[in-house]
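Q: A single structure is presented below for examination.
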Amino acid sequence: MTDSVDDKWLDVLAGRAAADDSPVTREARALRAAVLAQQTVGPADVEPSLTSDREQRVRALLARAREAGVVPQERRATRLWWGAAAAGIVALAITVPWRLRAPVESPSVVRSAGEDIVRLRAADPLALKQQLLVELREAGVTAAGYEAFGRQGIDAELPQPLSEIVRAVLEKHRIPVPKDSILRIEIEASAAK
């Protein structure tokens, strides 16, 4: 209700007559009539110590008036909406600062080999991969073997500057020295003749 409608409703409820016959006026008149019909004690008979009894009685009368349909039911949906909105605001007030302080995960590093992959062919790709891994590791290189899409592979990080031992292993297998320190090798089975 707006303030003017509230004022009109309260005036009619207090016994000050309203000139119109709007729904608000009719509702206030009906409530006033229901309250007056239930009144057994006059205002002059009420002692100050009975104030809490008066409040309880008013609450009871309003409840009966709601049940009888004279006064509209409380707007619980509005209260629930406001409660949910308040809970959401509190949740945001707690979550947002916590999320802002949470450590940011560093993105995983992915090496892109692209055209820098050395492709070899061998009658036994697995045996060649194992031989290369042994030779590279003996030369002090950190190397790992893998298998992907039916190909045997090696991923190694070469020391800089390149030692003579590592250079000898690469030359033995006709592997070109990579532009950077990353060596990627894929070995396929040679075609049967």
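Q: Report every pair of residues separated by at least 6 positions or lying on different chains whose Cβ atoms are under 8 Å apart, first residue within the stretch 27-50 and more than 22 Å from residue 11 (Cα to Cα), second surrounded by 11 or more Cβ atoms within 10 Å (Cβ to Cβ) and at pLDDT below 80.
A: Between residues of the stretch 27-50 that are more than 22 Å from residue 11 (Cα to Cα) and residues that are surrounded by 11 or more Cβ atoms within 10 Å (Cβ to Cβ) and at pLDDT below 80, the close pairs are 46/54.
Q: Residues being part of a helix (DSSP H, G or I) and loosely packed, with under 13 Cβ neighbours inside 10 Å: count how many of those fall in the stretch 138-190.
A: Our first condition is that a residue be part of a helix (DSSP H, G or I); within the stretch 138-190, this holds for 138, 164-172.
The next check asks that each one be loosely packed, with under 13 Cβ neighbours inside 10 Å; those that pass are 138, 164, 168, 171-172.
Residues flagged as part of a helix (DSSP H, G or I) and loosely packed, with under 13 Cβ neighbours inside 10 Å within the stretch 138-190 amount to 5.
The values are calculated or read from the model by the stated rules, or taken from the named source; none is laboratory data. Since this is a predicted model, take the numbers as computed values, not measurements. Neighbour counts are summed over all protein chains in view; Cβ atoms, including those assigned to glycine, are modelled from backbone coordinates with ideal geometry.
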